[in-house]
């Protein structure tokens, strides 16, 4: 069980995340949604131990993760929003580094890397430097690195970024297969239709606070709205998006 208790992060006098509480257990896929600047990425960084909360804490199986952060991170696989990789390494070398840091035996590590690169259609480019990779290829390397050590907890922050259609379909099926294996999964994304199909439960955060926490089906029934997109719009979008789009078209048509 992974739990956020009163998770709060403040910079100067502004709280960017304020009193977030939730639990997510094995085989659950929790969707974590919010507009830009809502506090999603800050929450993710606290959940992964990258930054410390101002107040509150993250608990894994009842223990504050800060009591043994190294042990917690051994059980964690994380795909960050930005693919910050060592661009001078090849994809194979980067995964070797990630696996060695996780303590994987050399023979097992080589087998896992080879198979993951093959399944992600990256094996022919395994010796090319990451600097030559497209954004989608880099994303596949990040995902592979998160899977190498068979972690108990997986946190995905915009994991479909840059992926082609086929790779995105593979990844969606992968997430469902991981949940079936009993993994704890948190899926943070702007792609609402994917979250709606994948996640057993969603949390919507706005201005650092949780404004909804329920199953998609129950939220649709409760709010009498047909889709997660409409629910999200009702809860957090404060502008008339259709009118703004029409105004943009009019700006484009202004004569020279």
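The values are calculated or read from the model by the stated rules, or taken from the named source; none is laboratory data. As the structure is a computational prediction, the values presented were derived from the model and not from experiment. Every residue, glycine among them, receives a Cβ derived from its backbone with ideal geometry; neighbour counts consider all protein chains shown.
Observations on the model:
- Of the residues making up segment 76-100, those that are within 14 Å of residue 146 (Cα to Cα) and touching a strand residue (DSSP E or B) at 6+ places or on another chain (Cβ under 7 Å) number 6.
- Residues that are in a strand (DSSP E or B) and surrounded by 17 or more Cβ atoms within 10 Å (Cβ to Cβ) within segment 16-33 comprise 16, 17, 18, 20, 22, 24, 29, 30, 31, 32, 33, listed in sequence order.
- Just one of the numbered conditions (1) touching a strand residue (DSSP E or B) at 6+ places or on another chain (Cβ under 6 Å); (2) in contact (Cβ under 8 Å) with a residue 60 or more places away in the chain; (3) on the phi > 0 side of the Ramachandran plot is not true of residue 62: (1).
- Of residues in segment 104-113 being touching a residue at least 24 places away in the same chain (Cβ under 8 Å) and out of contact with any helix residue (DSSP H, G or I) (no Cβ under 6 Å at 6 or more places or on another chain), the one nearest to residue 133 (Cα to Cα): 112
- Restricting segment 180-197 to residues that are within 21 Å of residue 58 (Cα to Cα) and not in a loop (DSSP other than H, G, I, E, B), the residue that is modelled with the lowest pLDDT: 188
- Among (1) closer than 19 Å to residue 189 by Cα; (2) in contact (Cβ under 8 Å) with a residue 60 or more places away in the chain; (3) assigned by TED's automatic domain parsing to the domain that holds residue 28, the one test that residue 143 misses: (3)
- Test: residue in segment 78-98 that is within 29 Å of residue 228 (Cα to Cα) and assigned to a strand (DSSP E or B): yes
- Subset of segment 1-15 [under 19 Å from the mean Cα position of the chain (by Cα) and either in a loop (DSSP other than H, G, I, E, B) or modelled with pLDDT under 95 (or both)]: 1
- Close pairs (6 angstrom Cβ cut-off, 6 or more residues apart or separate chains): surrounded by 16 or more Cβ atoms within 10 Å (Cβ to Cβ) in segment 34-52, part of a loop (DSSP other than H, G, I, E, B) and modelled with pLDDT of 90 or more anywhere: 39/208; 45/51; 46/53
- The listed residue being modelled with pLDDT of 70 or more, exposed (fewer than 15 other Cβ atoms within 10 Å of the Cβ) and touching a helix residue (DSSP H, G or I) at 6+ places or on another chain (Cβ under 8 Å), out of 229, 250, 242: 229
- Tally of residues being surrounded by 14 or more Cβ atoms within 10 Å (Cβ to Cβ), over 20 Å from the mean Cα position of the chain (by Cα) and assigned by TED's automatic domain parsing to the domain that holds residue 143 across segment 53-96: 7
- Here 34, 103, 56 are screened, and the one residue that is over 25 Å from residue 148 (Cα atoms) and at pLDDT below 95 is 34.
- For residue 166: the one exception among (1) in the same structural domain as residue 35 (by TED's automatic domain parsing); (2) surrounded by 18 or more Cβ atoms within 10 Å (Cβ to Cβ); (3) in a helix (DSSP H, G or I): (2)
- When every residue of segment 198-216 is checked against the conditions, at least one turns out to be part of a helix (DSSP H, G or I) and closer than 24 Å to residue 119 by Cα.
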